[in-house]
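As structure tokens, the structure follows; a few thoughts come after it.
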Amino acid sequence: MNKGFNNILLITRAYIELMKPSILIMVLITTLLGYYLGNEGAMSWIRLIWTLLGTGLSAGGAGALNQYLERDQDKLMERTCNRPIPAGIIQPQNALLFGVSAVIMGSIILVMKINTLTGFLSLLTAFMYVLIYTPMKKLTWLNTSLGSIPGALPPLGGWTAATGNVDSGAWILFAILYLWQHPHFFAIAWMCKDDYQKAGFKMLPVIEPNGSRTIRQIFLHLSLLFPVCFLPFIIGMSGNIYLFGTTILTLLYFLSAIPMLKEKSSKNASRILKASVLYLPLLMVIIIIDKGI
């Protein structure tokens, strides 16, 4: 009996891992961000729950499909060789079925319970992540910029779930998320460049090992993030607390990259990664405090 229970637990954990929980959490936070900022009046918690459920299923399904398509490459990389498919815990055909089913189910929930536009954005996000970003990793270093598009769509989905339309506020959130992702993923690419090279992925640190272009890309997008993150205040979407908080937060994100100018190392890249991971939840806290006062 204990053996059977342990097997069920192992399979359950494997399917959770198949959904890429770290990315899934980011998707849910940014969706919540869009919903909260777009919402006017009393918060509909039931509507928010349906939004997060549908978005989470679709995003998790996309993560599973990504792992299905990259299963051969995952076997070659130290950081991914223990994922459920290369480890033999989940069969590829089962991962494919799970991924497709989750994406479809999540999109249907959003169409039925929220609105067609939110369902479409969820499906578009999965499509771009699985069928554009994933294959582009083998073709060009621009995969990071292409992949940042589906990565920046969840707040639009949250916004449309609350408002039923896409306006300037939604596009500002998209721009913030789009720019935020580049230092985050370039830092990961630098730290994992040897693994990516083994798998044949054309990440920028792989095709240019000295890292000069990687550093330029990191600082380019951090520099662009500054004026864009001020836009919610400029258009009246947020107040003084947001302005002060986001200035400090973005400045700290920028400063986290300075050590990489002096020494291009995994240790310094990890500073950028840690700052990027803290950025979104802290931004959410700042927005909640600003909007609540």
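The values are calculated or read from the model by the stated rules, or taken from the named source; none is laboratory data. Note that the structure is a prediction, hence the values are computed from the model and not measured. When we count neighbours, we look across all protein chains shown, and the Cβ atoms used for this are built from the backbone with ideal geometry, even at glycine.
Here Ser168 clears all of (1) over 17 Å from Tyr279 (Cβ atoms); (2) surrounded by fewer than 22 Cβ atoms within 10 Å (Cβ to Cβ); (3) touching a Leu at 6+ places or on another chain (Cβ under 8 Å); (4) not β-branched (Val, Ile, Thr) except the condition numbered (3). All of (1) at positive phi; (2) within 23 Å of the chain's Cα centre (by Cα) hold for Gly41 with one exception: (2). Selection within the range 256-274: residues that are of a type in the set (Gly, Ala, Ser) and free of Cβ contacts under 8 Å to residues at least 24 places away in the same chain. The member of this set that is surrounded by the fewest Cβ atoms within 10 Å (Cβ to Cβ) is Ser265. Scan the range 227-242 and give yes if some residue there is in contact with a Leu (Cβ under 9 Å, 6 or more places away or on another chain), of a type in the set (Val, Ile, Thr), closer than 20 Å to Met26 by Cβ and outside the structural domain of Asp72 (by TED's automatic domain parsing), otherwise no. Yes, there is a match, as at least one residue in the range 227-242 is in contact with a Leu (Cβ under 9 Å, 6 or more places away or on another chain), of a type in the set (Val, Ile, Thr), closer than 20 Å to Met26 by Cβ and outside the structural domain of Asp72 (by TED's automatic domain parsing).
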